[in-house]
Amino acid sequence: MISAEQNELMTRIGPGTPAGALLRNYWQPVALVEELQADRPVKAVRLLGEDLVLFKNQNQYGLLERHCPHRGADLAYGRLEDAGLRCSFHGWLFDTNGKCLATPAEPEGSRLCEHIRQKAYPVTERSGILFAYLGAGEAPAFAHFDCFVAPEAYTFAFKGYWDCNWLQALEVGIDPAHASWLHKFFEDEDPAKSYGRQFRATPAGAEIPMSKVLRELDRPEILLERTQYGMRLQTLRRISDAKTHLRVTNILFPQAFVIPMSPEMTISQWHVPVDDHGCYWYSIFTSFGAPVDKDTMRAQRLKTYPAPDYKPIFSRENSWGFSADEQRSRTFTGMGFDINIHDQWACESQGRIQDRTRENLGTTDKGIVLYRRILVDAIRKNQAGEKPPMVLDASAARELTGPPAVDGIAPSDALEQYWREFDSNRRKKTAWAA
């Protein structure tokens, strides 16, 4: 049972909060690269409860506190110049590191700008996402996970906004049992038309689509294993004494998961706090087969999470698109065929911050229970000045690869051997991961 104090400890992420201090030890997604490809690459963003302005100056990215240190005007409306971002109020100019380069309204010879520095955070690009580091000291190294080492042609990035706390959004990815119910479709589609769509492809070695597997095998067994990067979950749906549907998923501490989308593609997804009450999910789709068809992937997702703010067309304001007629005959939820909307409803309908003191957890929630223990332990360690997990130097980052995410039909008596061999063979065949 989670106490009110523990719930508060885990969910509040603003400056000065224990969970916020922990999350500031890690690189956080702040925008898609494509969001800063406009003629004026300047964007107001909110991350971990801080109002910031992100901009691209020539080939460098800057992330500054949004309000000018002079009199608080909004730098998101500033003028982008060769040297940096200039406030439109009095012309104060800042480079990507927050250094004040000019205070032109001051008298000739003034040295005021030498004493002014705007709060700034480093930004780096990985696989179509811009990551920012809001912590103190040197930023950690990126682990050599598949989503970061695959060539650009083999990855695709997207995002979407959910109107709820980051933790309940992340916890959907630690709950394998929900897929048989929340994502239950009463009709199976042609798997050949499943590209880019979760739970529509055919698992490796199977003759039936994933939608039928989930629908007919709805009491999974979940095996749990702590790992250096977080945890590994194996979800077993017994087909017979000889065969088991096996799905291997992973949690990357502190706030990402890696899951299979098809035999050839995985999804690495972060749940990033905007503030206490809202978050963005950022996904990197990584292909072990052909290069990603980015136009198709993007067009599919923009239908429900349109640019420029990537906020969903369905929300609590329009009952998440719920249709009683559809619920009777086509889907378990009655909320369409985009599983992101299903997950969004499950998270948002709990309230903007879920009251975990009222939960009654079951056997299939064991991953959520373990993650919360890891999270609280990491918060306590960080408060005590100890190094939390997954704050990596370059050497440690090189040692963390993968992790395997597999969906297939395995021999019931050789589950681990199956997924390890599947992952190894998939890597040997790919153009980049062998």
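Tabulated data
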{"item": "Top-ranked residue of the stretch 110-162 - restricted to ones that are outside any strand (DSSP E or B) and of a type in the set (Ser, Thr, Tyr), ranked as nearest to the chain's Cα centre (by Cα)", "result": "Ser127"}
{"item": "All positions within the stretch 144-173 that are among the β-branched types (Val, Ile, Thr) and at pLDDT 95 or above", "result": "Val149, Thr155"}
{"item": "Top-ranked residue in the stretch 372-414 [being part of a loop (DSSP other than H, G, I, E, B) and on the phi > 0 side of the Ramachandran plot; ranked as farthest from the chain's Cα centre (by Cα)]", "result": "Gly385"}
{"item": "Residue match in the stretch 61-81 (condition: at positive phi and in contact (Cβ under 8 Å) with a residue 12 or more places away in the chain)", "result": "no"}
{"item": "Pair list, Cβ < 7 Å and 6+ apart or interchain, from the stretch 220-238 residues that are under 13 Å from Pro404 (Cβ atoms) to residues that are exposed (fewer than 14 other Cβ atoms within 10 Å of the Cβ) and of a type outside the set (S, T, N, Q)", "result": "Arg232/Glu225"}
{"item": "The listed residue being hydrophobic (A, V, I, L, M, F, W, C) and open to solvent by less than 60 Å² (accessible area, probe 1.4 Å), out of Trp345, Trp270", "result": "Trp270"}
{"item": "Test: Arg215 is modelled with pLDDT under 95, of a type in the set (Lys, Arg) and part of a loop (DSSP other than H, G, I, E, B)", "result": "no"}
{"item": "Conditions (1) modelled with pLDDT under 95; (2) open to solvent by 30 Å² or more (accessible area, probe 1.4 Å): number failed by Thr430", "result": "(2)"}
{"item": "Candidate set from the stretch 43-68 (those that are small (Gly, Ala, Ser) and over 21 Å from Leu302 (Cα atoms)); member that is least open to solvent (accessible area, probe 1.4 Å)", "result": "Gly62"}
{"item": "Qualifying residue in the stretch 295-309 (condition: farther than 14 Å from Phe158 by Cα, among the charged types (D, E, K, R) and in contact with a strand residue (DSSP E or B) (Cβ under 9 Å, 6 or more places away or on another chain))", "result": "no"}
{"item": "Residue ranges of strands (runs of 3 or more DSSP E) in the stretch 1-94 with at least 3 members closer than 28 Å to Glu114 by Cβ", "result": "50-57, 60-65"}
{"item": "Scope the stretch 403-422; condition within 21 Å of Val149 (Cβ to Cβ) and surrounded by fewer than 18 Cβ atoms within 10 Å (Cβ to Cβ); matching residues", "result": "Arg420"}
{"item": "Of the criteria (1) among the hydrophobic types (A, V, I, L, M, F, W, C); (2) buried (at least 20 other Cβ atoms within 10 Å of the Cβ); (3) under 27 Å from Phe288 (Cα atoms), which one Ala396 fails", "result": "(2)"}
{"item": "Number of the condition not met by Leu93 [criteria: (1) closer than 25 Å to Tyr310 by Cα; (2) over 33 Å from the mean Cα position of the chain (by Cα)]", "result": "(1)"}
{"item": "Top-ranked residue in the stretch 218-249 [being among the charged types (D, E, K, R) and outside any loop (DSSP other than H, G, I, E, B); ranked as least open to solvent (accessible area, probe 1.4 Å)]", "result": "Arg237"}
{"item": "Per-region count, the stretch 6-42, residues under 20 Å from the mean Cα position of the chain (by Cα) and either open to solvent by less than 50 Å² (accessible area, probe 1.4 Å) or free of Cβ contacts under 8 Å to residues at least 12 places away in the same chain (or both)", "result": "21"}
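The values are calculated or read from the model by the stated rules, or taken from the named source; none is laboratory data. This structure is a prediction, so every number in the text was calculated from the model and none was measured. Here Cβ is always computed from backbone atoms with ideal geometry, including for glycine, and neighbour counts include all displayed protein chains. Note: accessible area is taken over every heavy atom of the protein model, side chains too, but ligands, DNA and RNA are not part of it. Shrake-Rupley method; radii C 1.70, N 1.55, O 1.52, S 1.80 Å.
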